[in-house]
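J.: There's a structure below that I have some questions on.
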Amino acid sequence: MPTKTAADSPDEGSGLDRRDWIAGLQRGLQVIEAFDDAHSRMTAAEAGGRIGMTRTAARRYLLTLQHMGYVASDGKLFWLTPRVLRLGQSYLESARLPRIVQPFLQRVAAGTHETAYLSVLDGDEVVYIARNGPNRSMNTGYVLGARVPAQVTAAGMLMLALRPDAELQHWLAHHALKAFTSHTIASKERMKLELDRIKAQGWSLSEQQLDLNSRGIAVPLRDRHGDLVGALNVTMPIGRESSEDAVARVLPMLRETAQAMRNLI
């Protein structure tokens, strides 16, 4: 997981006046984001090292977060508490988009008998912010708020493909492609060709790139002005149905639903 240094401040083109920038807030959030699967418990020195902060400064932030209930400690190691989930839950409960799409996701799920999602792109990851699906697949799909590498999902590859050319070229040049299965596209040349194909056709299919039993199909979700706001996608287990049959069954409904939502966003 990439981390920013504590010295990061707004660039001139960022739109934020330096007088309005609160460095302490940024650094506190950076401390929270320093924890991940590979760094679930850290000393103050380890946390500071991940974000370019001294041990003393990191310890002060960690102790403050501990006082607020976001961090726990045994006196040496620190780890996040479930209270951190309130930050994401606040978004899911207050954001307008997940509420708008829910009845549409329900319609897609009912029509396809698969799990339907609304996802957005956050850096190099897809974040699932709304979902609806049959009970049989709820235990195999993505939970709300789940973050998955964009390169291995239909929704992620679609949103990457629809980025401006300069942004896409920068991503390809600076992002290391990781192989999760034998089907993962780990070659940058092949990824570029696949993203060009996705952009040209306007939808995406991804199979077995993250999970050998998983297939995803995605279409762009645009607002009334035509701006991309996310991806509408369906995931399903790979069974006896061919890729062509799955696309023929699911893609028309996804496209129709995305079109029906445009005037509401």
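The values are calculated or read from the model by the stated rules, or taken from the named source; none is laboratory data. Given the structure is predicted, the values throughout are model-derived calculations rather than measurements. Positions of Cβ are backbone-derived with ideal geometry, glycine not excepted, and every protein chain shown enters the neighbour counts. The area values use the complete protein model at the heavy-atom level, side chains included, leaving out ligands, DNA and RNA. Shrake-Rupley method; radii C 1.70, N 1.55, O 1.52, S 1.80 Å.
J.: Per residue of the stretch 142-152, in order, report the coupling 6.51 cos²θ - 1.76 cosθ + 1.60 (Karplus, θ = phi - 60°) as ³J(HN,Hα) in whole Hz, putting x for Gly and Pro.
T.: With the stated coefficients, the stretch 142-152 comes to 8, 7, 4, x, 4, 10, 9, x, 4, 5, 10 Hz.
J.: For the chain, place one equal point scatterer on every Cα, skip the solvent, and apply the Debye formula. What is log10 of I(q)/I(0) at q = 0.09, 0.11, 0.16 Å⁻¹?
T.: Each listed q corresponds, in turn, to -0.49, -0.72, -1.27.
J.: Please state the charge dipole magnitude for the stretch 29-145, taken about the Cα centre, from unit charges on C-beta atoms (+1 on K and R, -1 on D and E), reported in debye and rounded to the nearest 20.
T.: On the way: 13 positive and 10 negative charges, 76 e Å.
I would put it at about 360 debye.
J.: At a probe size of 1.4 Å, how large is the accessible area of Asp20, to the nearest 10 Å²?
T.: My reading of the accessible area for Asp20 is about 110 Å².
J.: Here's a follow-up. Residues with beta-carbon under 13 Å from that of Leu105, excluding Leu105: net charge, scoring Lys, Arg +1 and Asp, Glu -1? It would help to have the intermediate numbers written out before the result.
T.: Working: positive: Arg99, Arg107, Arg131; negative: Glu114.
Its environment carries a net charge of +2.
J.: What is the magnitude of the charge dipole of the chain about its Cα centre, with +1 placed on the Cβ of each Lys and Arg, -1 on the Cβ of each Asp and Glu, and no other charges, expressed in debye to the nearest 20? Write out the running numbers ahead of the final one.
T.: Values: 32 positive and 28 negative charges, 116 e Å.
With only Lys, Arg, Asp and Glu charged at Cβ, the dipole is about 560 debye.
J.: Of Pro237, Pro82, Pro103, which is the most mobile in a GNM of the chain whose springs link Cα atoms less than 10 angstrom apart?
T.: Fluctuation is largest for Pro82.
J.: Say we join alpha carbon atoms closer than 10 Å with springs in a Gaussian network model of the chain; which of Leu62, Leu221, Leu195 then has the biggest fluctuation?
T.: Leu62
J.: Could you order Arg240, Arg86, Arg131, Arg107 so the one with the most accessible surface comes first? Probe is 1.4 Å.
T.: Numbers: Arg240 250, Arg86 135, Arg131 35, Arg107 110 Å².
The residues order as Arg240, Arg86, Arg107, Arg131, largest area first.
J.: Regarding the stretch 171-265, what are the three Cα extents along the principal axes, ordered largest first, in Å?
T.: So the three principal-axis extents are 40, 37, 18 Å.
J.: Another one. Along the charge dipole of the chain, which of His113, Gly69, Leu92 sits closest to the positive end, that is, farthest toward it, with unit charges on the beta carbon of Lys, Arg, Asp and Glu (+1, +1, -1, -1)?
T.: Farthest towards the positive pole: Gly69.
J.: Taking just the C-alpha trace of the stretch 42-175, give me its Rg and Dmax in Å.
T.: 19.1, 56
J.: While we're looking at this one, here's another question. Where the centroid of each part is defined by its Cα atoms, how far is the stretch 142-179 from the stretch 27-69 in Å?
T.: About 27 Å separates the Cα centre of the stretch 142-179 from the one of the stretch 27-69.
J.: Could you order Lys199, Lys76, Lys192 so the one with the most accessible surface comes first? Probe is 1.4 Å. Could the numbers behind the result be given before it?
T.: Details: Lys199 95, Lys76 140, Lys192 55 Å².
In descending accessible area the options line up as Lys76, Lys199, Lys192.
J.: Would you mind getting the accessible area per residue of the stretch 28-76, heavy atoms of the protein chains only, 1.4 Å probe, in Å²? Let's see the in-between values first.
T.: On the way: 2780 Å² over 49 residues.
In whole numbers, the stretch 28-76 has 57 Å² accessible per residue.
J.: Shifting gears a bit: I'd like to check one number: the per residue accessible area of the stretch 175-237, probe 1.4 Å, reported in Å² as a whole number.
T.: Details: 3010 Å² over 63 residues.
Accessible area per residue: 48 Å².
J.: Using a 1.4 angstrom probe on heavy atoms only, work out the carbon and sulfur share of the accessible area of the chain in %. Write out the running numbers ahead of the final one.
T.: Working: 7610 of 14580 Å².
Reported share for carbon and sulfur atoms: 52 percent.
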